[in-house]
Amino acid sequence: MEEKSEYLNLFSPLNASIPVGMTPFTESLKSTYDRVVPFYEDEIKKNLLENKNILISAHGNSLRALCKYLFNISDTKINELEIPTGNPLLIEFGDNLKIEKYYYLDKSRARDIIFNQ
């Protein structure tokens, strides 16, 4: 979207405090990844290390970026990752936050998780 687009007025009023020229008009998986991974490292990881249960509800691209990071999915394979809507993915971590187990709660709607590819 161009900066002077007629559709800018459709943006939420909650975004009004964003300085002119700083509004992202699109967000690629790379830019999402660059935003999600530091949040995981700074906020989520410390809670996991304290053995807390964490619930993450997010937009598909944010979840895809987090899965890319956690499951070590390559740039070429990430396009194959399907994340079903409304089907929670449970990830169990062991020592040093090594993933020990992962599965969708609704097995009938589960999709393959790509791991280390």
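Readers should treat all values here as calculations from the given coordinates under stated rules, not as data from a laboratory. All values derive from a computational prediction rather than experimental measurement. All Cβ positions, glycine included, derive from the backbone under ideal geometry; neighbour counts span all protein chains shown.
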Response to the item:
Each label sits 7 Å from Cα toward the beta-carbon; between Val37 and Gln117 the label points are separated, in nm, by 2.1
Discussion item. From the convex hull of the Cα coordinates of region 64-111, what is the mean projected area in square nanometres?
Written reply: 3.6
Discussion item. Give me the base-10 log of I(q)/I(0) for the chain at each q in 0.20 Å⁻¹, Debye formula, one uniform scatterer per Cα, rounded to two decimals.
Written reply: -1.17
Worksheet, complete the sentence: With Cα springs under 10 Å, the Gaussian network model of the chain assigns the largest mean-square fluctuation among Tyr102, Tyr69, Tyr33 to Tyr102
Item to complete: Just flag the GluC sites (Glu not before Pro) in region 36-116 sitting in loop per DSSP whose Cβ has no more than 16 other Cβ atoms within 10 Å.
Response: Glu50, Glu82
Worksheet item: Quick one: Karplus J couplings for region 29-42, per residue in order, coefficients 6.51, -1.76, 1.60, θ = phi - 60°, nearest Hz, x for Gly and Pro?
Response: 4, 5, 5, 5, 4, 5, 8, 6, 4, x, 5, 4, 4, 8
Worksheet item: Helix-derived [θ] at 222 nm for the chain: sum -39500 (n - 2.57) over DSSP H runs of at least 4, divide by residue count, nearest 500?
Response: -6500 deg cm²/dmol
Worksheet entry | Table column - 3J(HN,Hα) (Hz), region 106-114, Karplus curve with 6.51, -1.76, 1.60, x for Gly and Pro | 9, 5, 5, 10, 5, 10, 5, 9, 8
Worksheet entry | Leu97-Glu82 pseudo-label distance in nm [points 7 Å out on the Cα-to-Cβ vector] | 3.0
Worksheet item: Can you give the extra length, in nm with one decimal, that the chain gains between Ser74 and Leu105 once fully stretched, where that is 0.36 nm per residue apart less the Cα-Cα distance?
Response: 8.7 nm
